[in-house]
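The values are calculated or read from the model by the stated rules, or taken from the named source; none is laboratory data. Source: prediction; values computed, not measured. We place every Cβ from the backbone using ideal geometry, glycine too, and count neighbours over all the protein chains shown. The area values use the complete protein model at the heavy-atom level, side chains included, leaving out ligands, DNA and RNA. Shrake-Rupley method; radii C 1.70, N 1.55, O 1.52, S 1.80 Å.
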Amino acid sequence: MTTRYNPSIGEAAEQRRVITESGLAAEPKRVLSVTAVAAEPRRVLSDSGLADEPMRVTSDSGGAAEPRRVTSDSELAVEPRRVLSDSGLAGEPRRVLSDSGLADEPSRVTSDSGGAAEPMRVTSDSGGAVEPSRVLIVTAVAAERDAVLRGLKGSDRFHVIAAGAGTAAAAAGTAAALAAGSYGCVISAGIGGGFPGRAPLGSLVVASEMMAADLGAETPEGFRSAAELGFGSVTVPADPGTVQAVAAALGAAGLAVSTGPVLTVSTATGTAETAAALAARVPGAAAEAMEGHGVAVAARALGLMALEIRAISNPVGPRDRGAWKIGDALDALTAAATILLEVL
């Protein structure tokens, strides 16, 4: 319990200006909710954190307190209606960051049925539609980024970056972009290899899960994943409903598409033996690439939904660059991005 004594007011007044450590004001009409959002419109949080410390409630003259004027110790008026996210970064006015993404207050993310939320459908409490949250798309290289941008046709709801090749660059680039902006969904997108019989050249794969397929150790008995070694999960599952919705929309547009695990590897497969070993290790594996798991881990750390979409440029197996269809794969990526405009 923290109080501040003001001799010009006296003990009786001082006792009426107490905010407890739980955030509840002693006077019934001056209450901070447990979610740290001010109950009265102009009683808000400073950028430094909670209202008790180091903030003071004062009048313009510095005398008796006027409950609805909030100043910091520097005597600078706090900008009203700014809300801090769980990460401590100041939100945009009247915009609240939830654990699941970004929604305009007092909006909430719901499905049409009222059950499990569809990540990108946002409705207000009054039932009116509000602007959908932004989508971050992470590619590895400029050619992939540009292919996606062509399909998005200048939409400002999507932000597309080329973070670099490999899981470390992908995770770092994703984390940096998420720290600099507000997003409701993150997508790893680019070209990749397709497992024979699962994803032919020029087709698309929507990942059911993003797996770090070669993160582990070799043993006399064979490969053991980091999960088997007790080092935590190597898989980030995608939301099944969203995966199916995206795949269905791609298929309805006449694009060849499949779903299944997409493997993230640090070394692209170049032999039939390695391809067979991966297929045996992960039944149903549809594609491999080098970034998806890193993007998904960065998104998951902030409670955001992650997806991965791969356009198949080559088969997983022996490297034959003459048989690769990189141009066709980039065209498929552009077509897929156009469909995302309608689905997300």
Run Ala298 past the list (1) touching a residue at least 24 places away in the same chain (Cβ under 8 Å); (2) aliphatic (A, V, I, L, M); (3) more than 23 Å from Val135 (Cβ to Cβ) and report the number of the one that doesn't hold. (3)
So which of Val262, Val297, Val282, Val246 is of a type outside the set (Gly, Ala, Ser), more than 14 Å from Ala212 (Cβ to Cβ) and touching a strand residue (DSSP E or B) at 6+ places or on another chain (Cβ under 9 Å)? Val246
Test of understanding: among Ala256, Ala286, which residue is open to solvent by less than 50 Å² (accessible area, probe 1.4 Å) and closer than 19 Å to Leu204 by Cβ? Ala286
Filter the stretch 128-151 for residues that are modelled with pLDDT of 50 or more, among the small types (Gly, Ala, Ser) and either surrounded by 15 or more Cβ atoms within 10 Å (Cβ to Cβ) or farther than 19 Å from Thr338 by Cα (or both) and give the result. Ser133, Ala140, Ala143, Ala147, Gly151
Hey, can you tell me all the residues within the stretch 267-283 that are among the small types (Gly, Ala, Ser), open to solvent by 40 Å² or more (accessible area, probe 1.4 Å) and touching a residue at least 24 places away in the same chain (Cβ under 8 Å)? Ala268, Ala272, Ala277, Ala279
Between residues in the stretch 187-201 that are touching a residue at least 40 places away in the same chain (Cβ under 8 Å) and farther than 29 Å from Arg157 by Cα and residues that are open to solvent by 10 Å² or more (accessible area, probe 1.4 Å) and of a type in the set (Lys, Arg), which pairs lie under 7 Å by C-beta distance while being six or more apart or on different chains? Leu201/Lys325
Could you figure out which of (1) in contact (Cβ under 8 Å) with a residue 12 or more places away in the chain; (2) of a type outside the set (Ser, Thr, Tyr); (3) open to solvent by 40 Å² or more (accessible area, probe 1.4 Å) isn't true of Gly230? (1)
Filtering the stretch 163-172 down to residues that are surrounded by 21 or more Cβ atoms within 10 Å (Cβ to Cβ) and closer than 17 Å to Met210 by Cα yields Thr167, Ala170, Ala171
Would you confirm whether or not the stretch 193-214 contains a residue that is touching a helix residue (DSSP H, G or I) at 6+ places or on another chain (Cβ under 6 Å), on the phi > 0 side of the Ramachandran plot, assigned to a loop (DSSP other than H, G, I, E, B) and of a type outside the set (A, V, I, L, M)? yes
Looking only at the stretch 315-324, decide whether some residue is of a type outside the set (Val, Ile, Thr) and touching a Leu at 6+ places or on another chain (Cβ under 6 Å). no
Out of (1) of a type outside the set (Gly, Ala, Ser); (2) within 27 Å of Gly270 (Cβ to Cβ); (3) open to solvent by 40 Å² or more (accessible area, probe 1.4 Å), the odd one out for Leu204 is which? (3)
Of these, Ala248, Ala179, which one is surrounded by fewer than 16 Cβ atoms within 10 Å (Cβ to Cβ), under 19 Å from the mean Cα position of the chain (by Cα) and either farther than 14 Å from Ile309 by Cβ or modelled with pLDDT of 95 or more (or both)? Ala179
One residue from Val160, Val236 being buried (at least 19 other Cβ atoms within 10 Å of the Cβ) and in contact with a Leu (Cβ under 7 Å, 6 or more places away or on another chain): Val160
Right, Glu342: modelled with pLDDT of 95 or more, under 26 Å from the mean Cα position of the chain (by Cα) and open to solvent by 10 Å² or more (accessible area, probe 1.4 Å) or not? no
